[in-house]
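Reviewing the structure listed below.
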Amino acid sequence: MLVLPVPMIVALLLGFLFFRSLLVDQRQPFLSVLLLACAGQSVLTSLVLYYGIGTLQPLQPVTASIIPAIVWVAFVESCLRQKPLPRDYMHLCVPILVIPCVLFVPAVIDTLLVVLFVGYGGAILFMLHVMKDDLAHMRLSAGHLPALIWRIIAIALIISAISDTLISLSLAYGFAALPGWILSISSSLGLLVIGYLCVSRDIEAKFDTAENDIAPRQPIDAGNDPARNTQKNSNASNTSSSHISTQPEPDAQNSRILQDLSTLLEGEKLYLDPDLTLARLSRKMGVPLKQLSTAINAVTGENVSRLINGYRIGHACTLLAQGQSVTTAMLDSGFNTKSNFNREFSRITGQTPSAWITARPAQTTKA
């Protein structure tokens with residue numbers, strides 16, 4: 001009877017997801033590369049721990065070290081930049097640092113791997129915090145899920161580092177049988193979580209080409225604000241000696257950015273596009289992405305996905321009130337998955353779509 005160890009089963013699952021991503025999903029390149037790397041690491045773990053091929057053991061830390069680097073480049077590719085920069089690819093050279101350690105100073109390998117996994121996982125968590133979960137190329141209809149998925153992937157990297165620490169402690173205290181179990185279970189679960197989450201459609205980036213967009217608006221700037229220019233001209237004789245700054249106050253600038261965004265959204269109904277991203281909004285408005293995100297958060301207290309989905313749910317409520325079905329209202333309001341629609345609908349209205357429809361006649365009667 002053929003019995004497959006857990007890491008080999010995980011490798012088969014990840015291999016299936018890899019080929020599916022190539023043939024069906026056509027995902028971002030480094031998400032597919034990540035799947036392949038996770039599958040390869042699971043195979044290597046099986047061959048060393050369960051099939052007794054000890055000659056491959058020195059390869060394990062080398063191949064393991066590339067995984068957090070690939071996760072980072074995949075994160076950059078999906079969330080930060082449409083095309084990674086040359087400096088982003090430099091992270092893939094991490095194994096070059098590990099190989100000399102394997103050959104000459106094996107005692108530092110565990111520490112180096114812990115630093116790599118914790119470092120890259122922490123870097124992703126830090127970037128998500130800095131961006132307030134506003135990921136440039138994620139579909140806004142997905143709400144908080146893309147950031148949540150990347151956060152879980154980052155935590156999985158850190159947990160993998162913790163497992164390496166546990167292995168070192170078990171060896172130090174004489175528990176020789178534990179390292180194999182810890183490596184097998186933690187490695188399999190960590191790689192499976194990372195691989196499974198990276199095929200989620202909620203972290204599928206949507207890249208827009210400039211040709212498909214309307215020409216961007218004039219950037220918001222103090223020098224281009226007619227009202228401010230009028231005021232500046234009328235008071236020119238009084239400002240020559242007072243050195244009054246012509247730069248707008250942050251609160252006033254943020255308010256003007258949000259007002260301009262509202263005009264754009266209401267005029268062109270951009271929120272009805274299920275593929276709308278923060279990067280596209282930034283380009284259309286002529287406002288830097290970070291500045292737009294900061295303005296929305298400062299004025300509304302919400303991130304951009306919640307703001308856009310608020311417009312979408314308002315539109316869906318109008319359609320439901322007109323007698324449209326929930327599915328039609330969902331699709332016509334910029335959502336392409338029912339789970340995201342139901343989640344955002346409940347967040348904004350406090351009810352499910354069906355409960356909202358049922359309660360509406362009573363609300364109308366009371367009014």
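In the stretch 47-62 there is at least one residue that is without any contact (Cβ under 8 Å) to a residue 40 or more places away in the chain, open to solvent by 10 Å² or more (accessible area, probe 1.4 Å), within 20 Å of residue 110 (Cβ to Cβ) and in a loop (DSSP other than H, G, I, E, B). Going by what's in this entry, would residue 312 be described as part of a helix (DSSP H, G or I), more than 24 Å from residue 268 (Cα to Cα) and of a type outside the set (Val, Ile, Thr)? Considered against the rule, which asks whether it is part of a helix (DSSP H, G or I), more than 24 Å from residue 268 (Cα to Cα) and of a type outside the set (Val, Ile, Thr), residue 312 comes out as no. On the stretch given as the stretch 141-160, residues that are surrounded by 21 or more Cβ atoms within 10 Å (Cβ to Cβ), modelled with pLDDT under 90 and in contact with a Gly (Cβ under 9 Å, 6 or more places away or on another chain) total 2. Among the helices (runs of 4 or more DSSP H) confined to the stretch 190-287, the ones with at least 2 residues that are of a type in the set (D, E, K, R) and either within 24 Å of residue 140 (Cβ to Cβ) or at pLDDT 50 or above (or both) are located at 250-268, 278-285. Filtering the stretch 265-318 to residues that are farther than 21 Å from residue 255 by Cβ, open to solvent by less than 20 Å² (accessible area, probe 1.4 Å) and within 22 Å of the chain's Cα centre (by Cα) leaves 276, 277, 279, 309, 312. Figure legend. Inter-residue proximity from the stretch 123-149: first residues without any contact (Cβ under 8 Å) to a residue 60 or more places away in the chain, second residues among the β-branched types (Val, Ile, Thr), beta-carbon distance below 7 Å, spacing 6+ or different chains. Indicated pairs: 149/203.
Taking residue 131 as the residue in question, decide whether it is in contact with a strand residue (DSSP E or B) (Cβ under 7 Å, 6 or more places away or on another chain) and among the hydrophobic types (A, V, I, L, M, F, W, C).
Values: in contact with a strand residue (DSSP E or B) (Cβ under 7 Å, 6 or more places away or on another chain): no; among the hydrophobic types (A, V, I, L, M, F, W, C): yes.
Answer is no for this residue.
Residue-wise test of (1) under 22 Å from residue 262 (Cα atoms); (2) surrounded by 17 or more Cβ atoms within 10 Å (Cβ to Cβ); (3) at pLDDT 95 or above.
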{"residue": "321", "(1), (2), (3)": "no, no, no"}
{"residue": "325", "(1), (2), (3)": "no, no, no"}
{"residue": "336", "(1), (2), (3)": "no, no, no"}
{"residue": "339", "(1), (2), (3)": "no, no, no"}
{"residue": "343", "(1), (2), (3)": "no, yes, no"}
{"residue": "347", "(1), (2), (3)": "yes, no, no"}
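Scanning the stretch 100-140 for residues that are at pLDDT 90 or above, surrounded by fewer than 19 Cβ atoms within 10 Å (Cβ to Cβ) and of a type in the set (Ser, Thr, Tyr) yields nothing.
The values are calculated or read from the model by the stated rules, or taken from the named source; none is laboratory data. All values derive from a computational prediction rather than experimental measurement. All Cβ positions, glycine included, derive from the backbone under ideal geometry; neighbour counts span all protein chains shown. Side chains included, ligands, DNA and RNA excluded: accessible areas come from the protein's heavy atoms. Shrake-Rupley method; radii C 1.70, N 1.55, O 1.52, S 1.80 Å.
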